[in-house]
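Scroll down for the structure; my scribbles are underneath it.
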Amino acid sequence: MKRLSTIVLCSAFLLPLSEGNARDARVTQIPSGNAFQCMTCHNFSTGGSRNPFGQTVESDFLNPAGPFGVVDWGNELALFDSDGDGFTNGEELGDAEGAWLSGPVMPGYTVSNPGSDMSTPRMGATANVVVDLKDMGEHEGKSLWMRLVDVETGMEVTRTQRINISSEFKVGLMGMEAGKDYFVDFFVDENNNGTYEAPPADKAWRIAVTANGQDMTETFTNSDNYVDIMWGQVVSVDENGEVGSLTVESVYPNPVSDIATIDISSKAVGQLVVEVVDMYGNVVTTLFDGVMTESAKTLTWNISGRADIASGRYYVHVSMGNDIAVAPLTVNR
Ligand SMILES: [Ca+2]
Ligand SMILES: [Ca+2]
């Protein structure tokens, strides 16, 4: 009943149709739309002028354009940071990839308002780091990747991407635990081929931070102090999830709603462990733990009976000795 009364309030200003009125149906057309209701897109709970996210939607992501358009939620809208707070619209709404179709997003993930730079998302009880990039004009239009790496374990905590970068922008990363040391690794895909190469082919930098339990901002001014961040050699590696001799060849369908099929190949023989982990690194399922003697293996993950598996981002984590391969997997319930 609470939801119903909110809808009535939004609709009270719907007639006559004019610029700036809230369309409450649109709340159902984006992930976590119920979190901020009309204020996802507007400056006021009754509608009115649009906030930066509402302006993005109105100008480029209504199908068809105009007052009766449906929000075109997808990868492009999800990857854009409308309010410039360093977190993409998808990260703020709990669907970084823009793969959401319906239903709630990952529990334990605190969504935030993509139209307000005073509101940023959070993973569990961890803190965020925001890198405030300056003077990046020479890289304008290129793609930038950034990740947070736990220095002690070498494991990648989280990563994010920006396409078509400008001279000044912010990039935020979630997941810092108080007292731990992290590397913030980032590179511009300077030669535009979609993968990382060590400088000078691509331009890469590293910032070391120690988490103090608070959100922090690091200012970075473009420089030629490049660092080979070996993007391919800490966990997820490349688009195919390849590390060493162990490879996650494919995960399909992805996003998955019932059964995912996972193809793994290995050039070596040994003890293979295949797990599905959530965004916090918790193992939600062990798919295989045994000796792999063949060069290829196909496994399935059936979530049709798993009410405990919420929509959101997961990783297929495959290991054999020191070899690790990781591939992202999105669940859409
Ligand atoms: Ca944002
Ligand atoms: Ca925000």
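Values in this text are rule-based calculations from the coordinates and carry no lab data. None of these values were measured; they are calculated from a predicted model. Counting neighbours? That spans all protein chains shown, and the Cβs are built from the backbone with ideal geometry, glycine included.
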query: How do Phe80, Phe44 line up, fewest other C-beta atoms within 10 Å first?
result: Phe44, Phe80
field: Sites Ser245 and Ser49 - FRET efficiency at Förster radius 41 Å, r taken between beta-carbons, to 0.05
entry: 0.15
task: Take the Cβ-Cβ distance between Glu168 and Val291 as r, set R0 to 41 Å, and report the resulting FRET efficiency rounded to the nearest 0.05.
output: 0.20
message: If packing is taken as the average count of other Cβ atoms within 10 Å, what order do 312-325, 199-212 fall into, highest mean first?
response: 312-325, 199-212
- prompt: Can you work out the FRET efficiency for the pair Ser304 and Thr110, with r the C-beta to C-beta distance and R0 = 30 Å, to the nearest 0.05?
  reply: 0.60
- prompt: Toward the positive end of the charge dipole of the chain, about the Cα centre and with charges on Cβ (Lys, Arg +1; Asp, Glu -1), which of Val184, Gln37, Gly94 goes farthest?
  reply: Gln37
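Work out how much length Asp60 to Asn322 would gain on full extension: take 0.36 nm times their residue separation and subtract the Cα-Cα distance, in nm to one decimal.
89.7 nm
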Long-range amide H partners of Phe80 with built H, under 5 Å: Asn89, Gly90
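If we count other beta carbons within 10 Å of each Cβ, what is the order of Thr300, Thr120, fewest first?
Exposure proxy ranking, most exposed first: Thr300, Thr120.
Note down the magnitude of the dipole of the chain about its Cα centre, charges +1 on Lys and Arg C-beta and -1 on Asp and Glu C-beta and zero elsewhere, to the nearest 20 debye.
Values: 20 positive and 45 negative charges, 247 e Å.
Rounded to the nearest 20 debye, it is 1180 debye.
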- prompt: Hey, fewest Cβ within 10 Å first, where do Lys297, Lys180 land in order?
  reply: Lys180, Lys297
Environment charge at Val227 (Cβ cut-off 14 Å; Lys +1, Arg +1, Asp -1, Glu -1): -2
query: Pairing the Cα long axis of helix 2-11 with the longest principal axis of the chain, what angle in degrees results, from 0 to 90 and rounded to the nearest 10?
result: 60
